[in-house]
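The numbers here are math on the coordinates, done by the rules we state, and not lab data. Not measured: the values here are computed from a predicted model. Here the Cβ positions follow ideal geometry from the backbone for every residue, glycine too, while neighbour counts run over all protein chains shown.
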Amino acid sequence: MENFQGVNSLSEKDYLAVQEIIHNLHQCRTRQNLKALFGSNILPLLNAHSALYAWTDPDLLSPRLIDAINIPSEDLASINQFIEQDPKARALLTHSQPVIARDIDVPKKDSASREEDPFREELCRFDPFSRQERPVRDGYGYFSTCKAGVITLALRDVNLGAGIHRRLPSDKPWTVRDVRILEQIRAHLLMAIKTIVLTDELVKHKSLVDLLADSPTAIAVVDQNMVIDYCNSAWKEVMSKTAGSRLDPELVSLLIKEKSKWEPPFTTNGVNGKEEVHNLAGEDCRLSFSPLRGGGEHDPWLLQLKLIRNANHRVNGLMQQAGLTKREMEACKLIRQGIDANEIARQLFISPHTVKTHLKRIHLKLGVHTRAELVATLNQ
């Protein structure tokens with residue numbers, strides 16, 4: 001068949017196969033889809049036996065193998081170790097060429113061109129896909145079965161790479177035709193890999209958020225302006241605040257004090273996530289603050305609050321169930337302590353007449369008629 005001149009001298013048959021692969025890559029939504037496409041289309045078109053792809057983007061914590069096709073499971077640990085620890089793997093995953101083939105771009109014999117490109121020199125000195133020039137290394141058993149490899153990468157700042165391998169005893173070298181095929185599918189392949197990996201990460205993060213949402217511990221994330229970016233249902237119940245609201249003044253004061261521990265000069269009591277007992281709106285609770293990044297001026301903070309389950313909590317539940325207002329609850333707590341109406345007025349900064357009004361409403365809501373009945377109900 002004549003060469004198909006429209007795509008870098010690929011034959012028409014190869015061109016149609018490439019178009020089918022590109023179409024299928026755009027349909028890939030899961031790891032299983034992509035592995036099946038490698039096995040049924042990509043590897044046969046390249047006369048290859050196996051493949052792997054890895055991600056080294058720092059946003060995903062650490063370099064790691066994403067998936068492997070037709071590679072023994074017992075070899076995966078050593079491959080992961082190579083990717084994570086060996087500087088040669090970094091060289092393979094960060095060079096500037098879109099596609100590099102061992103038998104084409106990296107000659108097996110010394111040449112002047114090798115010295116012109118530090119990456120090529122490094123790859124020639126240590127090529128995990130070449131038996132002849134690869135130093136023997138314990139634990140790299142899989143690479144000793146590979147005759148050659150084609151590495152295809154995205155841009156340098158993405159650090160996402162795929163390797164296509166031919167295993168021994170194959171003696172077929174990689175050709176320009178193989179490189180042209182990978183050049184055509186490269187962008188689409190890397191897009192599919194990146195989409196699948198990021199989707200997986202999103203599912204994990206969503207699962208974590210769902211777990212936090214159902215946690216009995218009250219949790220909130222607060223921005224630099226003391227506004228709540230996120231809070232779970234327990235926080236809404238305890239603090240009566242939702243996302244978009246500003247923290248209560250008591251909490252603002254505590255958070256500002258905590259932030260000061262993370263500013264130079266650091267104090268010895270600035271312990272990340274240390275729980276301390278505080279009284280908020282009459283509730284004893286354990287409260288902890290943790291910076292979500294480095295504790296910088298503009299970084300968000302994580303707040304965790306746990307009510308101390310004691311008699312006061314039961315009383316608060318009783319008063320909330322009866323529909324008492326915050327002011328009425330404050331008056332009830334003072335009455336329970338045996339404080340008279342005049343002292344209640346002084347402590348709450350209200351008039352004695354207002355205290356009597358509160359007491360009438362409290363009696364009505366709790367179904368009592370005298371102060372003694374009210375105290376007995378609160379203490380039962």
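Ile339 to Ser40: FRET efficiency via 1/(1 + (r/R0)^6), r the Cβ-Cβ distance, R0 56 Å, to the nearest 0.05?
Working from the Cβ atoms, E equals 0.10.
List the pairs from Lys261/Lys333; Lys204/Lys261; Lys333/Lys365; Lys236/Lys306; Lys326/Lys360; Lys13/Lys172 whose alpha-carbon separation is above 24 Å, in the order I gave them.
Checking Cα-Cα distances, Lys261/Lys333; Lys204/Lys261 exceed 24 Å.
Can you work out the PRE-style zone for Lys306? Point 7 Å along Cα to Cβ, and I want the residues of region 211-253 with backbone N under 14 Å.
215-219
What's the ranking of 200-206, 217-223, 334-340, 31-37 by average number of surrounding C-beta atoms within 10 Å, highest first? Show your work: numbers first, answer last.
Working: 200-206: 11.0, 217-223: 18.9, 334-340: 14.0, 31-37: 16.3.
In decreasing order of mean packing, 200-206, 217-223, 334-340, 31-37 become 217-223, 31-37, 334-340, 200-206.
Compute the FRET efficiency between Glu20 and Gln321 as 1/(1 + (r/R0)^6), taking r as their Cβ-Cβ distance and R0 = 45 Å, and round to the nearest 0.05.
Working: r = 66 Å, r/R0 = 1.47.
For R0 = 45 Å, the calculated efficiency reads 0.10.
Among His278, His353, rank each residue by its count of other Cβ atoms within 10 Å, from fewest to most, as a rough exposure measure.
His353, His278
How do Val368, Val252 line up, fewest other C-beta atoms within 10 Å first?
Val252, Val368
In Å, what is the Rg of the alpha-carbon atoms in region 312-379, and how long is Dmax?
10.8, 29
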